[in-house]
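See below for the structure under consideration.
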Amino acid sequence: MVEPIPPITLPPAKHPEQEAAWLEQKLQRWLDEEFLPEPANQKIAERAAQIYKRHRMEDENDLGSLVIAIISEMQAFDFSDSFYGEFTIANAVSDLLMDSLGIDRCCGQ
């Protein structure tokens, strides 16, 4: 029988503003390095960080729920000036957060 993947729970947010600022900076750097630095990257990173901060301030600690929130709320964002979409952004946020927690993302571990 296949074992379900356990949820990833972030520590409670003590300083959600600082977390969001960190996430915005890391996400923009990732966006700039993944394809091309473009003006839309800053706006994308800023919006994703705002969503993240609001949910963390509402005591959301489940990474899966944060990813779904980013996907849902970024659907209203205009990605026409970018290579990206809401799923790419949510996955990048997830990867950045797992990296910050020291969780190995390789091979489903």
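The values are calculated or read from the model by the stated rules, or taken from the named source; none is laboratory data. Values in this document were obtained by computation on a predicted structure and should not be read as measured data. Heads up, the Cβs are rebuilt from the backbone with ideal geometry, glycines too, and the neighbour counts pull from every protein chain shown. Just so you know, the surface numbers come from the protein's heavy atoms only, side chains and all, with ligands and any DNA or RNA stripped out. Shrake-Rupley method; radii C 1.70, N 1.55, O 1.52, S 1.80 Å.
Using a 1.4 Å probe on the protein heavy atoms, what percent of the accessible area of the chain belongs to carbon and sulfur?
Details: 3720 of 6830 Å².
After summing per-atom areas, the C and S share lands at 54 percent.
Would you calculate a helix-derived [θ] at 222 nm for the chain, using -39,500 (n - 2.57) for each DSSP H run of n ≥ 4 and dividing by the full residue count, to the nearest 500?
On the way: 4 runs with 65 residues, N = 109.
Helix contribution divided over all residues of the chain: -20000 deg cm²/dmol.
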- Computed over the chain, the ratio Rg/Rh where both radii use C-alpha atoms and Rh is Kirkwood: 0.97
- Rolling a 1.4 angstrom probe over the protein heavy atoms, how many square angstrom per residue are accessible across the chain? 63 Å²
- Message: Taking the 0 to 90 degree range and rounding to the nearest ten, how far is the long axis of helix 86-100 tilted relative to the main principal axis of the chain, both from C-alpha atoms?
- Response: 60 degrees
- Would you list, by chain and number, the aspartates and glutamates whose Cα falls below 18 Å from the Cα of residue 43, excluding same-chain residues fewer than 8 positions away? 17, 19, 24, 32, 33, 34, 73, 78, 81, 86
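What longest region of the chain stays clear of chymotrypsin sites (Phe, Trp or Tyr not before Pro) that DSSP places outside H, G, I, E and B and that have at most 16 other Cβ atoms within 10 Å?
Values: sites that count: 35, 79, 83.
Here the longest segment lacking exposed loop sites spans 36-78.
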- Note, ³J(HN,Hα) from phi for the range 12-27, Karplus 6.51, -1.76, 1.60, rounded to Hz, x at Gly and Pro: x, 6, 8, 9, x, 5, 5, 4, 5, 5, 4, 4, 4, 5, 5, 5
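Any idea what the relative contact order of the chain is, in percent, if you count C-alpha pairs under 8 Å spaced at least 6 apart?
Values: 91 pairs, mean separation 31.8, N = 109.
After rounding, I find 29 percent.
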- Message: Nothing charged except the Cβ atoms of Lys and Arg (+1) and of Asp and Glu (-1): what's the magnitude of the dipole of the range 1-78 about its Cα centre? Round to the nearest 20 debye.
- Response: 160 debye
- Query: If amide H atoms are built 1.01 Å from N in the plane of the peptide, which residues on other chains or at least 5 residues away come under 5 Å of the amide H of residue 62?
  - Reply: 10
- Message: Which three numbers, in whole Å and largest first, are the semi-axes of the equivalent ellipsoid of the range 4-63 derived from its Cα gyration tensor as √(5λ)?
- Response: 24, 14, 9
- With θ set to phi - 60° and the Karplus curve 6.51 cos²θ - 1.76 cosθ + 1.60, what are the ³J(HN,Hα) couplings of the range 76-82 in order, to the nearest whole Hz, using x for Gly and Pro? 7, 6, 7, 8, 5, 9, 9
- Taking a 1.4 Å probe, which of 57, 1 shows the most accessible area, and what order do the others take after it? 1, 57
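I'd like the trypsin sites (Lys or Arg not before Pro) in the range 1-77 restricted to DSSP loop residues with at most 12 other Cβ atoms within 10 Å, sorted by number.
Details: sites: 14, 26, 29, 43, 47, 53, 54, 56; in loops: 14.
Hits after loop and neighbour filter: 14.
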